[in-house]
Amino acid sequence: MIREVYLLVFGGWVGLKVVYHELYRTVYASDPAAEAGRIESIYDVIATYFEFVQPEPASEEDIRRAHTQRHIDSIKADKQLYKVAALAAGGAVTAAELAYGGEPAFGLIRPPGHHASGDSCWGFCFFNNMAIAILKLRSEGKAEKVFILDIDLHFGDGTVNILGGLPGISILNPNHGGRKEYLEEVSGQLKVEASRGCDIVAVSAGFDEYVLDWGGRLKTEDYKTIASMVKEFSDENCSGRRFAILEGGYYHRDLGKNVKALLDGFA
Ligand SMILES: [Zn+2]
């Protein structure tokens with residue numbers, strides 16, 4: 001109660017929008033990303049701090065910029081899965097559009113997407129939310145130069161397969177040493193991107209590098225540090241255009257805390 005009053009009196013929500021839909025709570029598969037309680041563990045921690053925005057599902061036309069018809073039809077064979085996967089892609093599109101319009105955004109979405117390639121998918125992913133969002137912006141002549149930072153534990157092969165070869169798109173999956181080297185790799189690449197120029201920066205935000213998660217590398221404060229670096233980079237190079245979308249992260253107990261740390265740095 002005290003916190004709510006404080007927020008009302010002192011300017012309300014922090015300037016970042018969270019894109020979210022109740023349907024993301026659906027248990028659409030039997031993998032760790034779809035596990036009951038995962039989205040809830042994040043929602044419960046961040047709900048009072050940020051303004052929430054509800055997305056529409058991505059259209060099939062949007063999805064087709066990143067995927068073959070054959071792949072789309074294979075997901076469609078499971079109606080419930082298609083519904084939530086298209087809604088996750090739509091959540092990424094909304095986050096990207098908000099960011100392009102100057103409002104930083106986070107897509108609290110699932111299923112994740114960075115292991116989905118044009119004609120196949122694995123690793124709890126079905127449609128590549130990031131690729132669909134970026135290709136939508138580009139179809140409207142926006143976001144010629146894009147920097148994608150993928151901080152999930154796992155290499156975002158799907159994103160690289162779909163977007164990696166396109167002119168103007170740069171992708172980093174940092175993977176060096178311990179915490180210190182990891183953060184240095186991110187900051188070093190941001191310097192390179194600054195010299196190259198950038199229209200929008202996007203983060204595939206997985207939290208499975210966390211010390212108590214599968215990767216065992218990053219601390220909670222590191223998510224804030226990374227997000228602060230991205231914020232500063234975007235403020236200096238692309239009018240603050242930045243968004244992040246949820247990928248992996250399976251240690252439910254601290255997942256909300258880690259997402260909050262990222263959003264605090266990002267806002
Ligand atoms: Zn992962």
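Here are the numbers:
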{"item": "Prolate/oblate/rounded call for segment 2-266, Cα gyration tensor, a/c under 1.5 rounded", "result": "rounded"}
{"item": "Where chymotrypsin sites (Phe, Trp or Tyr not before Pro) in DSSP loops with at most 13 other Cβ within 10 Å are excluded, longest remaining stretch of the chain", "result": "123-267"}
{"item": "Phi-based couplings in Hz for segment 172-184 (Karplus 6.51, -1.76, 1.60; Gly and Pro marked x)", "result": "10, 10, x, 7, 9, x, x, 4, 4, 5, 4, 5, 5"}
{"item": "Karplus 3J(HN,Hα) series, Hz, for segment 60-66 with 6.51 cos²θ - 1.76 cosθ + 1.60 (x for Gly, Pro)", "result": "4, 4, 4, 5, 5, 5, 10"}
{"item": "Long-range HN-HN contacts of G107 with modeled amide H, under 5 Å", "result": "V19, A244, I245, L246"}
{"item": "Amide H within-cut-off set for S117, under 5 Å, with H built and near neighbours excluded", "result": "W122"}
{"item": "Amide proton proximity set for Y210, modelled H, under 5 Å, gap of 5+", "result": "G215, G216, R217, L218"}
{"item": "Gyration tensor (alpha-carbon) shape descriptor, segment 125-212, a/c threshold 1.5", "result": "oblate"}
{"item": "Among P104, P167, P112: highest mean-square fluctuation, GNM of the chain, C-alpha pairs under 10 Å", "result": "P167"}
{"item": "Nearest-0.05 FRET efficiency for K76 and W214, computed from C-beta distance (R0 45 Å)", "result": "0.90"}
{"item": "Translational diffusion coefficient (Stokes-Einstein; Kirkwood radius from C-alpha pairs) of segment 222-267 at 37 °C, 0.692 mPa s, in µm²/s", "result": "297"}
{"item": "In sequence order, calculated HN-Hα J values of segment 195-200 (Karplus, 6.51, -1.76, 1.60; Hz; x Gly/Pro)", "result": "6, 7, x, 8, 9, 7"}
{"item": "Among beta bridges that DSSP assigns inside the chain, antiparallel share in %, nearest 5", "result": "5"}
{"item": "Gain upon complete extension [E22, E181; 0.36 nm per residue less C-alpha separation]", "result": "53.5 nm"}
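Taken together, the values in this text are just the output of simple stated rules run on the coordinates, not laboratory data. Bear in mind the structure is a predicted one, so any value in this text is a computation, not a measurement. When we count neighbours, we look across all protein chains shown, and the Cβ atoms used for this are built from the backbone with ideal geometry, even at glycine.
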